[in-house]
Amino acid sequence: MGKLDQRVAIVTGGGTGIGRNIAMEFAKEGAEVVISSRNMAKLEKVVEEIKALGGHSLAIATDVSVAEQVRSMVKQTVDKFGRIDILVNNAGILHSATLLEMTEQDWDEVLDINLKGVFLCTQAVARYMMEQKYGKIINIASIAGRGGGLDSWANYCVSKAGVIQLTKSSAFELAPYGINVNAIAPGTIPTDIDKRDKTPEQFRQFVEQRKTVAVLGRIGDTQDIANLALFLASDDSSFICGETIAIDGGRTDRM
C-alpha cells in the first residue's frame, strides 16, 4: 500500500529537477501523475520513467501563465483520471539582473510564471477539489521570498514572497472545503537554474559557499524536497494548513 494510492496529482514543471523528483516519488507511492511544462520532450522522458515503475502518467505541454492552457491541462486531467487530489505548483524560472539592468520583460516573465501561474493553477484545480471536499495544494516557494534579499534576483524574490502570501490566502479560503494549502521554501538545491551561466569552477564555489551558511554543513538535493512534498500530499499532514516550511539545512543567514 502506497501513501498516495488512488490519488491523482498534477505537478507543474515536472520535466526536470525538483518537479521530476516529486512526480517520481508520488508515482512510487501509488499516485497517478500528470506532469506539465513547456518542454514536451523532457516530460515524455519522465512519463516513460514512471511507466517503468508500473505507474500511470500523462504529459501535458502547458504554459502556466496562460489561463486557457491551464484550464485545458486541468480538464484533460479530469477527463483522463476522473478527479484531482493533489496539485504541486512547481513551475518556475529565473532571469537575474540588477535593478538598473533588469528589463520590463525580465520582470514580467518571472512574475507571470512564478506567481501568476500559481494563482491560475490553484484557481482552476480548486473548483474540482471544492466539489470533492478534499485536496492538497503544495506551492514551491523559496527562502528567497522570506526576508533578506539576493543580489540581482529582485524579480525572483518578489515572486516567491508572493507565493508565500498566496499560500496563506488560499488556505484561508479553501480550508472549509477540506483542502490543505501549504508551501515549501527550499534553500540551495542545485538545479539547471543554478548551473546556468556558471563555469564548473564557479558552480563548485557557489556550492561551497552555500554549505558554510547551513548548520548542517551541506546543501540539499531534489530528493529532500520530494520527501517533504510527499508528506504534505499525504494524509499524514492533515492538520497542517497555510504553512510555509523551510527546507534549507538550517540557513544561519535566514533564521
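Values in this text are rule-based calculations from the coordinates and carry no lab data. If you're wondering where the values come from, they're calculated on a predicted model, not measured in any experiment. No Cβ is skipped: glycine too gets one built from the backbone with ideal geometry, and neighbour counts run over all protein chains shown.
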State the extension gain, in nm to one decimal, for the chain segment bounded by Arg71 and Glu104, taking 0.36 nm per residue of separation less the distance between their alpha-carbons.
9.2 nm
Give, to the nearest whole percent, the P(r) tail of the chain beyond 27 angstrom, counting all Cα pairs.
32
Calculate I(q)/I(0) for the range 57-145 by the Debye formula, one identical point scatterer on each C-alpha and no solvent, and give its log10 at q = 0.10, 0.13, 0.15, 0.20 Å⁻¹ to two decimals.
-0.30, -0.48, -0.61, -0.95
Please identify every one of the chymotrypsin sites (Phe, Trp or Tyr not before Pro) in the range 183-254 that sits in a loop by DSSP and has no more than 16 other beta carbons within 10 Å of its own beta carbon.
Phe239
Taking the Cβ of Leu94 as the center, what net charge do the other residues with Cβ under 11 Å away carry, scoring Lys and Arg +1 and Asp and Glu -1?
-3
By how many nm would the segment from Lys211 to Asp253 grow when fully extended, if each residue of separation counts as 0.36 nm and the alpha-carbon distance is taken off?
14.0 nm
Output row, site Gln202, 7 Å Cα→C-beta label point, backbone N cut-off 14 Å, window the range 86-116, residues 96-98
Over the alpha-carbon set of the range 108-194, divide Rg by the Kirkwood Rh and report the Rg/Rh ratio to two decimals.
1.02
Longest segment of the chain lacking trypsin sites (Lys or Arg not before Pro) that sit in a DSSP loop with at most 10 other Cβ atoms within 10 Å
1-132
Rg to Rh quotient for the range 1-123, alpha carbon positions, Kirkwood Rh
1.03
Between Thr62, Thr191, Thr244, which gets the highest mean-square fluctuation from a Gaussian network model of the chain, Cα cutoff 10 Å?
Thr191
Where the centre of each part is set by its Cα atoms, how far does the range 8-27 sit from the range 219-245, in angstrom?
13
Ranking Glu29, Glu201, Glu49 by Cβ neighbours within 10 Å, fewest first, what do you get?
Glu201, Glu49, Glu29
Past the 20 Å Cα-Cα mark, which pairs from Lys3/Lys168; Lys42/Lys75; Lys3/Lys51?
Lys3/Lys168; Lys42/Lys75
